[in-house]
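Notes follow once the structure below has been shown.
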Amino acid sequence: ETPGTPGWRPTGGVPAPAPWLAQRGPGIGAGAMAQGVVVRLVLLTTLTLQNAGQTLVIKLAQVHGSHPDSLVVMLLAELLKVAGSLLLFCMFEFEGSCSKYLSPTMLKRGMKLMPISWVFAVQNQLLFVGVHNLEPPVFQALSNLKILSAGIFSVILLGKKLTQIQWAALLILACGASLVQLESGLCRTSEPKEGAGVADPVKGFLAVLANCSLSGLAGCYTELMLKTEKLPMWYQSGMVASVSAVILGGLILLNRATDTAEVDKWGFFNGFVPMTWVVIVMISLGGLTVVAVLRYADNVLKGVSIVFSLLVSGVASFALIGSRIGLVFCIAAVIICASVFVYQQAPPQDVKSERPQSASGPASAPSEKQSA
């Protein structure tokens, strides 16, 4: 249960969800509850569109002749994410003076996020490889393997304990992903679509597998930084995006320096079409959405979003690019969604050990229940 996966909850210096997001509770008026419902619906819609839309938009851009340098696309997306994070930080988290956040101590703490930036730079390149070689519904279903990797890395790196129910849910999730692999016909190369080039499902599956593994690793490290460094969330988002932009810029310069003929022939924006700019905006907004969801969304909302994103991705892919969805895929999608819900809702094994003991004994139980 790590950042970017349905089971994670903000802890360790990260602001708790706003009171008006609660469904019910003492002291919460009808107006605040109505506002919370609206915000939850907005988050559900945004998260669903982000999960399904990003993959579909990348695929549509490729079909319409968009074949730019993926490093350039991600560089522009990260720069846009830096601007968005800075704006949101100034609006919601900025306190005091600028020197407080530009001090050597704060910057040194922020530099501990550099490993995450490297991971994100590689992960984003794998995203393009996976989308190019797999149908959007298949890619969307296989991407839920990041929950499996997050659970494993949370045990290895963070020392968390998963219940037997959660381990069983992860095993079922892996079985569902195997059915998706069977449905997509990974033993053969699919027929190329017009403008999309030759697709290799095996290569796409390996890219998604590596992407999900890196996602779990990055999520666990991010949670560790949130607990230890306690940086403002949007400030941390801006720092990660800034370092990622520097890394991507360096890789672009290195490629241009070693292959000047290609630079002269194609230029910086070769392969860009109008849909490419939509991809850039979608990727950037997707990163900001994930940060907002970490702060305000709950497990139920994230699980419903996964179900809706699979449905939206399947229907939209069939309507827009003619993807075929078989019975095996439908069964696998149900299995994946059910395993995600079970994993999210299972109580952690170490809840009792982490709950502080009250000196007053049973007398404190009513107030504790009421606060919950």
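The C-beta contact set for the range 107-124 (first residue over 20 Å from residue 233 (Cβ atoms) and without any contact (Cβ under 8 Å) to a residue 24 or more places away in the chain, second residue open to solvent by 70 Å² or more (accessible area, probe 1.4 Å) and of a type outside the set (Phe, Trp, Tyr), distance under 9 angstrom, 6+ apart or interchain) is empty.
Out of all the residues in the range 181-201, is one or more out of contact with any Leu (no Cβ under 6 Å at 6 or more places or on another chain) and modelled with pLDDT of 85 or more? Checked against the condition, which is being out of contact with any Leu (no Cβ under 6 Å at 6 or more places or on another chain) and modelled with pLDDT of 85 or more, the range 181-201 yields no hits at all.
One residue alone among 15, 68 is modelled with pLDDT under 80 and touching a helix residue (DSSP H, G or I) at 6+ places or on another chain (Cβ under 8 Å), and that residue is 15. Of all residues in the range 216-233, exactly one satisfies the criterion of being open to solvent by 20 Å² or more (accessible area, probe 1.4 Å) and within 30 Å of residue 67 (Cβ to Cβ), namely 217.
Of 147, 152, all but one fail to be assigned to a helix (DSSP H, G or I) and modelled with pLDDT under 85; the exception is 147. A residue that is touching a helix residue (DSSP H, G or I) at 6+ places or on another chain (Cβ under 7 Å) and either at pLDDT 85 or above or open to solvent by less than 40 Å² (accessible area, probe 1.4 Å) (or both) occurs somewhere in the range 107-114. Restricting the range 144-158 to residues that are farther than 14 Å from residue 329 by Cβ and polar (S, T, N, Q), the residue that is surrounded by the fewest Cβ atoms within 10 Å (Cβ to Cβ) is 154. Just one of the listed residues (309, 371, 317, 284) is modelled with pLDDT under 75 and hydroxyl-bearing (Ser, Thr, Tyr), and it is 371.
Those residues that are assigned to a helix (DSSP H, G or I) and over 20 Å from the mean Cα position of the chain (by Cα), I need them from the range 156-168; list them, please. Correct list: 156, 164, 165, 166, 167, 168.
The values are calculated or read from the model by the stated rules, or taken from the named source; none is laboratory data. What you see is a predicted model, and the numbers here were worked out from it, not measured in a lab. Backbone-built Cβ (ideal geometry, glycine too); neighbour counts: all protein chains shown. Just the protein is used for accessible areas: all its heavy atoms, side chains included, with ligands, DNA and RNA removed. Shrake-Rupley method; radii C 1.70, N 1.55, O 1.52, S 1.80 Å.
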